[in-house]
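All remarks here apply to the structure that follows.
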């Protein structure tokens with residue numbers, strides 16, 4: 001948080017009595033005392049954040065102030081370290097304030113005001129207005145130097161060097177009249193605090209068509225999804241889609257682009273879900289192509305219909321993305337842009353502005369189950385992305401609605417009318433419990449993830465080496481039968497299947513007995529370790545959206561990594577492991593079910609998969625796959641049990657382009673066999689046998705090219 005203004009020349013003299021440091025010391029003691037009494041209230045949370053901000057500023061200033069002697073500098077830094085120590089102790093007591101230390105944490109108006117007050121009390125003379133105006137989105141010199149242009153983008157530019165001009169631009173919005181001199185953004189945000197009247201913030205949607213003509217064969221839209229898409233068909237183009245996780249926001253967005261003809265479509269997502277987005281595009285719109293930007297974009301298909309990019313690499317591609325001629329833009333987990341001062345938010349808003357400048361009435365969608373995290377001001381960035389407001393006032397259609405209702409912020413009833421006007425701009429919010437009749441009681445949603453480049457390469461290399469070892473075994477077996485691999489592959493299918501099974505069985509038995517070396521079990525463990533951070537990130541997103549989550553893993557190191565991730569994000573978790581006493585385990589379960597501050601249960605698949613009641617959650621994250629469908633089902637049923645009021649969603653994190661995906665497929669086939677044998681369902685019969693064995697057979701088949 002940059003400071004504007006000047007300091008008095010005697011800034012750091014007599015630090016025991018004068019200056020800002022004594023002000024900070026008194027304030028931090030007040031916050032510490034409040035934390036000792038219990039959870040910090042909003043006023044003290046604000047004070048905690050401001051103390052941290054000013055402490056960082058003072059430290060940076062002290063290190064560079066040429067007027068300080070070495071002794072004075074050491075004394076100042078020592079006192080600041082003392083303040084930092086008290087802040088750390090306070091954060092240990094109330095972990096919810098850890099998020100306020102994030103450089104991207106939103107600084108509220110109350111925090112800005114308190115900061116001014118503390119600076120004044122510390123004798124720091126503020127020469128200019130100490131505000132932080134939000135700069136217009138732009139590409140600065142440093143950002144420009146990061147820009148890359150993938151080869152595919154150059155090819156597209158050569159194929160179509162002239163982007164067709166849009167000659168059908170919308171007429172400019174009418175100039176505000178009655179409300180021209182009113183400050184409106186503050187009242188608009190406040191309207192969601194004071195104008196609710198007990199009503200959910202969701203626009204009226206048309207009834208769904210009687211016939212589903214949008215979903216491809218084998219898939220079916222639920223009623224709440226069809227109603228949303230009917231609104232798109234009727235011409236609505238800007239949405240804050242705030243459905244809870246598990247209600248199909250991704251599918252709705254993909255089909256909305258199809259209904260609106262919003263191609264090419266730009267999709268900005270967190271890294272953990274970008275591969276899932278590509279898969280869902282193919283699933284719901286099979287005739288459309290999706291491409292995912294990795295790193296510098298060398299594998300990008302710039303001719304694709306849907307371009308998917310994660311927030312982390314957006315800065316490298318913002319230049320060419322702004323010129324590709326997108327007719328729609330989706331921002332997934334839109335609460336990621338809540339801080340208008342972050343580069344991430346600036347990049348997203350810059351791209352949104354370019355799309356609106358080039359396309360008439362583009363499809364703009366912000367997806368998030370938690371549009372509000374800190375306060376109602378979190379709406380600001382999302383509304384700007386959607387084009388409902390600019391940096392200082394409502395725009396176009398929203399301003400026209402406010403003009404037409406005949407009220408001003410001073411009038412009774414303004415808040416309710418203003419809230420309704422914003423909702424009608426396109427806020428759609430449904431909860432699981434609201435559409436329970438549309439949902440299955442329990443479902444499993446696969447979330448493919450792309451592993452980190454180095455980890456991904458090492459795991460794929462290990463898989464390739466295992467595959468080659470299996471091929472050598474197969475070649476030796478063929479030689480012992482006086483034949484060749486080529487002859488076996490060209491011969492009867494039964495003989496090939498028998499030899500594949502023999503080789504895989506031999507490898508499996510050696511792997512189970514081995515103490516060291518690479519095998520299918522060590523490979524699966526490495527995949528689990530590589531997925532741990534991504535799985536924990538996704539669980540943290542769910543916590544922000546829906547509350548309590550159960551996180552299942554097989555290995556202790558994966559559980560440890562997840563718990564460390566949650567702690568860093570200020571999310572309180574409990575642990576259920578095999579080495580706990582019955583009393584301690586029950587204590588952990590009770591804390592999860594009854595303590596509102598406990599958000600995640602990190603549980604062992606084997607230790608917590610049976611006999612436990614964790615129904616305080618309705619969302620489960622399976623960070624690692626089990627070897628049996630029964631173990632997976634038992635884990636999910638810790639949440640899906642009698643007394644559960646909501647449909648349950650289990651999110652399986654699957655490492656794409658690895659054996660993980662094959663294991664998931666085999667687990668599902670075993671579940672299908674159980675359904676046929678026990679439930680009478682008409683599913684395809686599958687061969688019995690272990691998932692480990694069949695995974696090795698599949699890997700050998702692939703390595704042989706069979």
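Note on residue 505 and residue 593: their simple-model spin labels are 4.6 nm apart, each label 7 Å out from Cα toward Cβ.
When the convex hull of its Cα atoms is viewed from all sides, the stretch 20-121 shows a mean projected area of 6.4 nm². For the pair residue 117 and residue 395, label points projected 7 Å from Cα toward Cβ lie 3.6 nm apart. When peptides 692-698, 250-256, 553-559 are ranked by their average number of other Cβ atoms within 10 Å per residue, the highest-first order is 250-256, 692-698, 553-559. Estimated from the Cβ-Cβ distance and a Förster radius of 25 angstrom, the FRET efficiency linking residue 465 and residue 690 is about 0.70.
Over the chain, what relative contact order in percent results from Cα pairs under 8 Å that are six or more residues apart? Each step should come with its number before you reach the end.
On the way: 1077 pairs, mean separation 89.4, N = 706.
Computed over the chain, the figure is 13 percent.
Quick check of the Kirkwood formula: for the stretch 306-374, what is the inverse mean of 1/r over all pairs of different Cα atoms, in Å?
Details: mean 1/r = 0.0796 Å⁻¹.
Evaluated over the stretch 306-374, this radius sits at 12.6 Å.
Label reach from residue 514 (point 7 Å along Cα→C-beta): in the stretch 650-669, amide nitrogens under 20 Å belong to 658-663. For semi-axes √(5λ) of the Cα gyration tensor in Å, several values are listed as (1) 55, 40, 18; (2) 48, 34, 27; (3) 60, 28, 23; flag the one computed from this structure. Computed from the coordinates, semi-axes √(5λ) of the Cα gyration tensor in Å corresponds to (2). Values of log10 I(q)/I(0) for the stretch 316-434 across q = 0.12, 0.16, 0.18, 0.21 Å⁻¹ run -0.49, -0.84, -1.03, -1.28, by the Debye formula with one identical scatterer at each alpha carbon and no solvent. Sorting the segments 614-623, 285-294, 457-466 by their mean number of nearby beta carbons within 10 angstrom, highest to lowest, gives 614-623, 285-294, 457-466.
The label-point distance for residue 159 and residue 472, in a model that sets each label 7 Å from Cα toward Cβ, rounds to 4.4 nm.
Can you give the helix-only mean residue ellipticity at 222 nm for the chain, where every DSSP H stretch with n ≥ 4 adds -39500 (n - 2.57) and the sum goes over all residues, rounded to the nearest 500 deg cm²/dmol?
-15500 deg cm²/dmol
Sorting 585-597, 23-35 by their mean Cβ neighbour count within 10 Å, with the most densely packed peptide first, gives 23-35, 585-597.
Just rank 548, 531, fewest to most, by other beta-carbon atoms within 10 angstrom. Mind showing how you got there, number by number?
On the way: 548 21, 531 28.
Starting with the residue having the fewest Cβ neighbours, the order is 548, 531.
Spread over its residues, the convex hull of the C-alpha atoms of the stretch 500-608 is 129 Å³ per residue.
Hey, fewest Cβ within 10 Å first, where do 37, 701 land in order? Working shown, then result.
Values: 37 10, 701 16.
Arranged by neighbour count, lowest to highest, 37, 701 become 37, 701.
Ranked for footprinting exposure by Cβ neighbours inside 10 Å, fewest first, 444, 211 give 211, 444. Length available on full extension from residue 360 to residue 282: 0.36 nm per residue minus the Cα-Cα distance, which gives 25.4 nm.
Placing R0 at 41 angstrom, the Cβ-Cβ distance between residue 525 and residue 26 gives a FRET efficiency of 0.20 after rounding to 0.05.
Need one number: % antiparallel among DSSP beta bridges in the chain, to the nearest 5. Spell out each step's value before the answer.
Working: 1 of 50 bridges.
Percent antiparallel among DSSP bridges in the chain is about 0.
We did not get these values from a lab; they are worked out from the coordinates using the rules stated. Quick caveat, the model's predicted, so the values are computed rather than measured. A quick note on method: Cβ atoms are made from the backbone with ideal geometry, for glycine too, and the neighbour counts reach across all protein chains shown.
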